[in-house]
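The values are calculated or read from the model by the stated rules, or taken from the named source; none is laboratory data. Quick caveat: nothing in here was measured; it's all calculated off a predicted structure. In this analysis, Cβ positions are derived from the backbone assuming ideal geometry, glycine residues included, and neighbour counts consider all displayed protein chains. Accessible surface is based on the protein model in full, side chains and every heavy atom, while ligands, DNA and RNA are left aside. Shrake-Rupley method; radii C 1.70, N 1.55, O 1.52, S 1.80 Å.
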Amino acid sequence: MDVQILEDPAKTVADLLIETAAKGGNIVLTGGSSPRRAYELAAERGTDWSGATVWFGDERAVGPDDEHSNFAMADAALLSRLESPPQVVRMQGELGPDAGAGAYEAEIRERLGPEPRWDLLLLGLGPDAHVASLFPSKPEKHVTDRLVVGVPEAGMEPQVPRISLTLPAINAARHVVFLVTGASKRQAVQRAFGDPPDLSSPAAHVRPRAGELTVLLDREASP
Ligand code: 6PG
(Lines give C-alpha, C1' and ligand atoms only; values in the text may rest on other atoms or scores of the structure.)
Protein backbone atom coordinates (compact mmCIF):
# COMPACT_ATOMS: atom_id res chain seq x y z
CA MET A 1 0.00 0.00 0.00
CA ASP A 2 1.34 3.38 -0.97
CA VAL A 3 0.01 6.16 1.28
CA GLN A 4 0.82 9.70 0.14
CA ILE A 5 0.09 12.91 2.02
CA LEU A 6 -0.12 15.69 -0.54
CA GLU A 7 -0.79 19.42 -0.77
CA ASP A 8 -3.20 18.81 -3.61
CA PRO A 9 -4.21 15.14 -3.99
CA ALA A 10 -6.88 16.08 -6.55
CA LYS A 11 -4.11 17.08 -8.94
CA THR A 12 -2.50 13.64 -8.62
CA VAL A 13 -5.86 12.01 -9.34
CA ALA A 14 -6.29 14.23 -12.40
CA ASP A 15 -2.83 13.14 -13.61
CA LEU A 16 -3.74 9.47 -13.17
CA LEU A 17 -7.03 9.96 -15.00
CA ILE A 18 -5.33 11.68 -17.93
CA GLU A 19 -2.59 9.07 -18.16
CA THR A 20 -5.04 6.15 -18.12
CA ALA A 21 -7.48 7.85 -20.51
CA ALA A 22 -4.70 8.58 -23.01
CA LYS A 23 -3.79 4.88 -23.01
CA GLY A 24 -7.41 3.92 -23.73
CA GLY A 25 -7.89 2.29 -20.34
CA ASN A 26 -10.94 1.20 -18.39
CA ILE A 27 -11.53 3.76 -15.63
CA VAL A 28 -13.96 3.51 -12.72
CA LEU A 29 -15.08 6.84 -11.30
CA THR A 30 -16.26 7.43 -7.75
CA GLY A 31 -19.10 9.57 -6.48
CA GLY A 32 -19.37 11.77 -3.43
CA SER A 33 -18.09 15.32 -3.26
CA SER A 34 -14.31 14.78 -2.89
CA PRO A 35 -13.49 13.93 -6.52
CA ARG A 36 -15.24 16.89 -8.18
CA ARG A 37 -12.12 19.06 -8.26
CA ALA A 38 -10.03 16.19 -9.64
CA TYR A 39 -12.59 15.71 -12.43
CA GLU A 40 -12.61 19.43 -13.21
CA LEU A 41 -8.80 19.55 -13.33
CA ALA A 42 -8.74 16.53 -15.66
CA ALA A 43 -11.36 18.14 -17.93
CA GLU A 44 -9.27 21.31 -18.22
CA ARG A 45 -6.37 19.35 -19.66
CA GLY A 46 -8.26 18.51 -22.88
CA THR A 47 -6.81 15.04 -23.43
CA ASP A 48 -8.24 12.67 -26.03
CA TRP A 49 -10.40 10.25 -24.05
CA SER A 50 -11.96 8.58 -27.09
CA GLY A 51 -10.13 5.27 -26.61
CA ALA A 52 -11.07 4.99 -22.95
CA THR A 53 -14.13 3.56 -21.24
CA VAL A 54 -15.53 5.12 -18.09
CA TRP A 55 -17.41 3.05 -15.51
CA PHE A 56 -18.85 3.81 -12.07
CA GLY A 57 -18.09 2.21 -8.71
CA ASP A 58 -21.45 3.07 -7.19
CA GLU A 59 -24.61 5.00 -7.90
CA ARG A 60 -27.66 6.25 -6.14
CA ALA A 61 -30.97 4.68 -7.31
CA VAL A 62 -32.10 7.84 -9.05
CA GLY A 63 -32.17 8.99 -12.65
CA PRO A 64 -29.14 10.53 -14.38
CA ASP A 65 -30.48 14.08 -13.97
CA ASP A 66 -31.16 13.85 -10.26
CA GLU A 67 -29.16 16.05 -7.89
CA HIS A 68 -28.01 12.87 -6.04
CA SER A 69 -26.75 11.08 -9.15
CA ASN A 70 -23.04 10.27 -9.16
CA PHE A 71 -23.18 10.16 -12.93
CA ALA A 72 -24.63 13.68 -13.02
CA MET A 73 -21.73 15.01 -10.95
CA ALA A 74 -19.09 13.27 -13.09
CA ASP A 75 -20.86 14.35 -16.26
CA ALA A 76 -21.00 18.00 -15.20
CA ALA A 77 -17.43 18.13 -13.88
CA LEU A 78 -15.71 15.99 -16.50
CA LEU A 79 -17.50 13.94 -19.15
CA SER A 80 -19.64 16.62 -20.79
CA ARG A 81 -16.63 18.96 -20.93
CA LEU A 82 -14.44 16.67 -23.02
CA GLU A 83 -14.00 17.32 -26.73
CA SER A 84 -13.13 13.67 -27.37
CA PRO A 85 -15.22 11.86 -24.79
CA PRO A 86 -14.84 8.23 -23.73
CA GLN A 87 -17.45 5.53 -23.90
CA VAL A 88 -19.45 5.83 -20.70
CA VAL A 89 -21.10 2.85 -19.04
CA ARG A 90 -23.20 4.29 -16.27
CA MET A 91 -25.13 2.42 -13.60
CA GLN A 92 -28.84 2.87 -14.31
CA GLY A 93 -30.07 4.07 -10.96
CA GLU A 94 -33.52 4.69 -12.40
CA LEU A 95 -34.05 0.89 -12.64
CA GLY A 96 -33.89 0.60 -8.84
CA PRO A 97 -31.16 -1.08 -6.80
CA ASP A 98 -31.61 -4.73 -7.74
CA ALA A 99 -32.52 -4.43 -11.42
CA GLY A 100 -29.89 -1.71 -11.79
CA ALA A 101 -27.24 -3.96 -10.24
CA GLY A 102 -28.27 -6.88 -12.45
CA ALA A 103 -28.09 -4.74 -15.58
CA TYR A 104 -24.63 -3.42 -14.66
CA GLU A 105 -23.32 -6.89 -13.87
CA ALA A 106 -24.51 -8.08 -17.30
CA GLU A 107 -22.89 -5.07 -18.97
CA ILE A 108 -19.56 -5.71 -17.23
CA ARG A 109 -19.56 -9.40 -18.12
CA GLU A 110 -20.41 -8.66 -21.74
CA ARG A 111 -17.68 -6.05 -22.19
CA LEU A 112 -14.94 -7.29 -19.85
CA GLY A 113 -15.77 -10.94 -19.18
CA PRO A 114 -16.43 -12.65 -15.83
CA GLU A 115 -13.18 -11.42 -14.30
CA PRO A 116 -13.01 -7.73 -15.12
CA ARG A 117 -9.76 -5.93 -14.33
CA TRP A 118 -10.23 -2.18 -14.54
CA ASP A 119 -7.01 -0.23 -15.12
CA LEU A 120 -7.81 2.56 -12.66
CA LEU A 121 -10.53 2.38 -10.02
CA LEU A 122 -11.09 5.52 -7.95
CA LEU A 123 -12.70 5.41 -4.54
CA GLY A 124 -13.68 7.83 -1.81
CA LEU A 125 -13.86 7.00 1.86
CA GLY A 126 -16.89 7.74 4.02
CA PRO A 127 -16.49 9.13 7.55
CA ASP A 128 -17.83 5.72 8.72
CA ALA A 129 -15.17 4.01 6.55
CA HIS A 130 -17.70 2.91 3.94
CA VAL A 131 -16.45 2.46 0.44
CA ALA A 132 -18.43 2.71 -2.80
CA SER A 133 -21.90 1.95 -1.33
CA LEU A 134 -20.71 -0.83 0.98
CA PHE A 135 -21.57 0.36 4.49
CA PRO A 136 -20.25 -1.04 7.80
CA SER A 137 -23.75 -1.66 9.16
CA LYS A 138 -25.18 -3.30 6.04
CA PRO A 139 -24.87 -6.82 4.60
CA GLU A 140 -23.68 -6.01 1.05
CA LYS A 141 -20.06 -5.79 2.17
CA HIS A 142 -20.14 -9.59 2.57
CA VAL A 143 -21.32 -10.33 -0.98
CA THR A 144 -18.70 -12.31 -2.87
CA ASP A 145 -20.68 -14.15 -5.55
CA ARG A 146 -21.47 -11.11 -7.69
CA LEU A 147 -19.66 -8.14 -9.20
CA VAL A 148 -22.47 -5.67 -8.49
CA VAL A 149 -25.00 -5.54 -5.70
CA GLY A 150 -28.22 -3.63 -5.02
CA VAL A 151 -28.23 -1.76 -1.72
CA PRO A 152 -31.87 -1.22 -0.66
CA GLU A 153 -30.96 0.87 2.38
CA ALA A 154 -28.00 3.25 2.48
CA GLY A 155 -25.97 3.42 5.68
CA MET A 156 -25.73 7.21 5.52
CA GLU A 157 -26.92 10.33 3.71
CA PRO A 158 -28.27 10.70 1.13
CA GLN A 159 -30.78 8.08 2.21
CA VAL A 160 -31.51 6.68 -1.21
CA PRO A 161 -31.00 3.05 -2.27
CA ARG A 162 -27.75 2.38 -4.09
CA ILE A 163 -26.00 0.18 -6.61
CA SER A 164 -22.42 -0.78 -5.80
CA LEU A 165 -19.50 -2.83 -7.03
CA THR A 166 -18.73 -5.61 -4.55
CA LEU A 167 -15.40 -6.03 -2.76
CA PRO A 168 -14.22 -8.88 -5.07
CA ALA A 169 -14.94 -6.70 -8.12
CA ILE A 170 -13.06 -3.76 -6.60
CA ASN A 171 -10.14 -5.95 -5.59
CA ALA A 172 -9.75 -7.27 -9.13
CA ALA A 173 -8.66 -3.86 -10.44
CA ARG A 174 -5.09 -3.24 -11.57
CA HIS A 175 -4.81 0.02 -9.63
CA VAL A 176 -7.15 1.16 -6.86
CA VAL A 177 -6.77 4.77 -5.79
CA PHE A 178 -8.45 6.36 -2.78
CA LEU A 179 -8.86 10.13 -2.70
CA VAL A 180 -9.56 11.25 0.86
CA THR A 181 -9.66 14.86 2.04
CA GLY A 182 -10.68 16.73 5.17
CA ALA A 183 -10.44 16.25 8.93
CA SER A 184 -13.81 14.46 9.10
CA LYS A 185 -12.14 11.47 7.43
CA ARG A 186 -9.13 11.18 9.74
CA GLN A 187 -10.54 8.43 11.94
CA ALA A 188 -11.84 6.49 8.94
CA VAL A 189 -8.36 6.65 7.39
CA GLN A 190 -6.92 5.14 10.57
CA ARG A 191 -9.55 2.38 10.54
CA ALA A 192 -9.11 1.54 6.88
CA PHE A 193 -5.35 1.82 6.46
CA GLY A 194 -3.89 1.72 9.98
CA ASP A 195 -1.71 -1.10 11.17
CA PRO A 196 -3.62 -3.21 11.99
CA PRO A 197 -6.71 -2.04 10.09
CA ASP A 198 -10.13 -2.25 11.73
CA LEU A 199 -11.77 -5.10 9.86
CA SER A 200 -15.27 -3.91 10.71
CA SER A 201 -14.64 -1.14 8.22
CA PRO A 202 -15.46 -2.07 4.59
CA ALA A 203 -12.55 0.01 3.30
CA ALA A 204 -10.14 -2.17 5.30
CA HIS A 205 -11.06 -4.99 2.89
CA VAL A 206 -10.02 -3.08 -0.20
CA ARG A 207 -6.74 -4.78 -0.95
CA PRO A 208 -6.30 -5.51 -4.69
CA ARG A 209 -5.51 -9.18 -5.27
CA ALA A 210 -2.93 -8.58 -7.98
CA GLY A 211 -2.83 -4.83 -8.33
CA GLU A 212 -1.64 -1.69 -6.60
CA LEU A 213 -3.34 0.27 -3.82
CA THR A 214 -2.62 3.98 -3.56
CA VAL A 215 -4.10 6.19 -0.83
CA LEU A 216 -3.94 9.93 -1.54
CA LEU A 217 -4.62 12.12 1.49
CA ASP A 218 -4.49 15.80 2.19
CA ARG A 219 -2.91 16.91 5.49
CA GLU A 220 -6.27 17.24 7.27
CA ALA A 221 -7.24 13.63 6.50
CA SER A 222 -3.89 12.26 7.58
CA PRO A 223 -4.01 10.66 11.07
C1 6PG B 1 -21.26 7.81 -2.85
C2 6PG B 1 -19.85 7.39 -2.85
C3 6PG B 1 -19.21 7.22 -1.52
C4 6PG B 1 -18.25 8.36 -1.33
C5 6PG B 1 -17.92 8.57 0.11
C6 6PG B 1 -17.12 9.83 0.30
O7 6PG B 1 -21.96 7.56 -3.80
O8 6PG B 1 -21.66 8.45 -1.87
O9 6PG B 1 -19.27 6.85 -3.92
O10 6PG B 1 -18.59 5.99 -1.30
O11 6PG B 1 -17.10 8.16 -2.08
O12 6PG B 1 -19.12 8.67 0.83
O13 6PG B 1 -17.93 10.89 -0.10
P14 6PG B 1 -17.49 12.40 0.01
O15 6PG B 1 -16.43 12.59 -0.99
O16 6PG B 1 -18.74 13.15 -0.33
O17 6PG B 1 -17.05 12.60 1.41
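Odds and ends about this structure:
- Surface analysis of the chain yields an accessible area of 43 Å² per residue, using protein heavy atoms and a 1.4 Å probe.
- Local net charge near Leu112, Cβ-Cβ under 15 Å (Lys/Arg +1, Asp/Glu -1): 0
- A cut-off of 5 Å between modelled amide H atoms, ignoring neighbours fewer than 5 places along the same chain, links Val151 with Arg162, Ile163, Ser164.
- Segment 1-84: C-alpha gyration tensor shape, a/c 1.5 cut-off, then a/b vs b/c: oblate
- In sequence order, calculated HN-Hα J values of segment 150-163 (Karplus, 6.51, -1.76, 1.60; Hz; x Gly/Pro): x, 10, x, 10, 6, x, 7, 4, x, 7, 10, x, 9, 10
- In a simple Cβ point-charge model (Lys, Arg +1; Asp, Glu -1; nothing else charged), segment 1-100 has a dipole of about 160 debye relative to its Cα centre.
- Furthest towards positive pole of dipole, Gly211, Val54, Pro158, structure part the chain, Cβ charges: Gly211
- When a 1.4 Å probe is rolled over the protein heavy atoms, the share of accessible surface on the chain that falls to carbon and sulfur comes to 47 percent.
- Taking a ≥ b ≥ c as the square roots of the eigenvalues of the alpha carbon gyration tensor, the chain is rounded, as a/c is under 1.5.
- Rounded FRET efficiency, nearest 0.05, which uses the C-beta distance separating Glu83 from Leu199 and R0 of 35 Å: 0.20
- About the Cα centre, charge dipole magnitude for the chain (Lys/Arg +1, Asp/Glu -1 at Cβ), debye: 440 debye
- Here the Karplus curve 6.51 cos²θ - 1.76 cosθ + 1.60, taken at θ = phi - 60°, turns the phi angles of segment 130-146 into couplings of 6, 9, 6, 10, 9, 9, x, 8, 10, x, 5, 5, 8, 6, 10, 9, 9 Hz, with x standing for Gly and Pro.
- Using a probe of 1.4 Å on the protein chains alone, the accessible area found for His130 is around 30 Å².
- Alpha-carbon centroid distance for the pair segment 93-132 / segment 135-210, whole angstrom: 12 Å
- Where both bridge residues fall in segment 119-223, DSSP classifies roughly 35% of the beta bridges as antiparallel.
- Glu220 exposes around 90 Å² of accessible area when a 1.4 Å probe is run over every protein chain in place.
- With K and R counted +1 and D and E -1, the other residues having a Cβ less than 12 Å from that of Ala173 yield a net charge of +1.
- Its Cα centre serving as origin, segment 153-223 has a Cβ charge dipole (Lys and Arg +1, Asp and Glu -1) of approximately 160 debye.
- Extending 7 Å from Cα along the Cβ direction at Ile5 and again at Gln159 yields two label points whose distance is 3.7 nm.
- Using the average count of surrounding beta-carbon atoms within 10 Å as a protection proxy, the listed peptides 104-113, 11-20 rank, highest first, as 11-20, 104-113.
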